[in-house]
Amino acid sequence: MVPITTLHYLVVAAALFVLGTIGVLTRRNVVIILMSIELILNAVNLNLVAFSRLYGLHGQVFAVFVITDAAAEAAVGLGILIAFFRNKETVNMDEVDLLKW
Amino acid sequence: MNPVATPFFFYFLSAMALISGVLVITRKNPVHSAIALIFTLLSLAGLYLMLYAPFVAGVQIILYAGGIMVLFLFVIMLVSVSRVERESQFNKQWLVGIAATAALGVLFILVYAKGKSVFPERTVQLPEQLNTQQVAVWLYGTYMLPFEIASLLLLVAIVGAVVMAKKRI
């Protein structure tokens, strides 16, 4: 069997990133869009940790920072979602048009 | 230490991560998406273990699968409306979105295939027994300022979330 190299991990991370981007661009439900953003951040984390095998521990430290950012982003995003749901009784992204004219 | 059956575990965990990722973006019910996302996160934690990063794997399980997903599930319970499941789940520009994203994926693969020769040949030896200790040394040494800024960011996020979700300020 072919030994697993860094390239294998990079391809998996690219596929996860593409899946997350498809979710962000095509879904209407805001909750699932936020979950797709988590998928994208996880793909970035996998890249960082895969490269930390080649360049030392910096990648793992940065992955911890990315996880922190993901937590902050989820908290603020879901807070915005609750405020929006209270005003318009919907969770659909294409009905968020208050700032459009 | 020689890991056992590395290619098998790699393909198994990646297949699990990708299949659950597809389920996340295709399911109608947000709770099903959340459960699929938990499977993605757990298999990614397994991949981190295979990359000799046990600390990141533990943080992934505790913070992501434990913390963030509970937050998501709570919000799904708060905002779930039954009529959402009957209407269309995808917006009008889905075809353009998928085409653009597929082009992005092809670009990624091309860049990796062309650029893999610049990667270093040898991998750094990372002793997994000392991993947490070494991450802590980096975190509290070289990356002290970013660490403090991250704590400030979390404080701002907490205040922001409370202000956002409050009925009257």
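The values are calculated or read from the model by the stated rules, or taken from the named source; none is laboratory data. All values derive from a computational prediction rather than experimental measurement. Here the Cβ is made from the backbone with ideal geometry for all residues, glycine too, and neighbour counts use every protein chain on show. Side chains are part of the model used for accessible areas, which takes the heavy atoms of the whole protein and leaves out ligands, DNA and RNA. Shrake-Rupley method; radii C 1.70, N 1.55, O 1.52, S 1.80 Å.
A few remarks follow.
- Helix runs (DSSP H) in chain B reaching 24 Å along axis by Cα, Kyte-Doolittle at least 0.0: B:6-26, B:30-50, B:94-115, B:144-165
- Largest GNM mean-square fluctuation across B:ILE61, B:ILE19, B:ILE158, computed for chain B with C-alpha springs under 10 Å, falls on B:ILE158.
- Max-minus-min Cα coordinates of segment B:126-169 on each principal axis give 52, 20, 10 Å, with the largest extent listed first.
- Computed E for B:PHE12/A:ASP69 - FRET, C-beta separation, R0 35 angstrom, nearest 0.05: 0.75
- Across chain A, C-alpha contacts under 8 Å between residues 6 or more apart give a mean separation that, scaled by the residue count, equals a relative contact order of 27 percent.
- A crude spin-label estimate for the pair B:LEU73 and B:GLN129, with each label 7 Å from Cα along the Cβ direction, gives 3.8 nm.
- Per-residue mean of C-beta atoms belonging to partner chains within 10 Å, peptide B:52-58: 5
- Relative frequency of Cα-Cα separations exceeding 13 Å in segment A:29-92, percent: 66 percent
- Highest-fluctuation residue, B:ASN29, B:ASN131, B:ASN91 considered, GNM on chain B with Cα pairs under 10 Å: B:ASN91
- Binned Cα-Cα distance frequencies in the protein assembly as shown - 10 Å width, integer %: 6, 28, 33, 22, 9, 1, 0
- Residues of segment A:36-53 with an amide N closer than 20 Å to a point placed 7 Å from the Cα of B:LYS114 along the Cα-to-Cβ direction: none.
- Using C-alpha pairs below 8 Å separated by at least 6 residues, the relative contact order for chain B is 18 percent.
- Axis angle, to the nearest 10 degrees, between helix A:6-26 and the longest C-alpha principal axis of chain A: 10 degrees.
- The mean count of C-beta atoms from other chains within 10 Å of the C-beta of residues in B:156-166, rounded to a whole number, is 5.
- Take each residue in B:113-122, count the other chain C-beta atoms within 10 Å of its C-beta, and the mean is 2.
- Rg over Rh, two decimals, segment B:107-151 (C-alpha only, Kirkwood Rh): 1.20
- Test item: Cα-centred dipole of chain A, Lys/Arg +1 and Asp/Glu -1 on Cβ, debye: 120 debye
- Buried area at the A:B interface is about 7200 square angstrom, summed over both chains, from accessible surfaces computed with a 1.4 angstrom probe.
- The spread of Cα positions in chain B, taken along each principal axis and listed from longest to shortest, comes to 55, 41, 29 Å.
- Compared with the direct C-alpha span, the chain from B:ALA99 to B:THR142 gains 11.3 nm at full extension, assuming 0.36 nm per residue.
- Among B:VAL75, B:VAL137, B:VAL124, the residue with the largest mean-square fluctuation in a Gaussian network model of chain B, with springs joining Cα atoms closer than 10 Å, is B:VAL124.
- Label separation (A:HIS58 vs B:VAL163): 3.5 nm, computed from points 7 Å beyond Cα along the C-beta direction.
- Given a 1.4 Å probe and the protein chains as shown, B:ILE109 ends up with an accessible area of around 80 Å².
- Separation in nanometres of the label points that stand 7 Å from Cα toward Cβ, at A:THR5 and A:ARG86: 5.5 nm
- Alpha carbon convex hull of segment B:1-81, projected area averaged over orientations, nm²: 5.5 nm²
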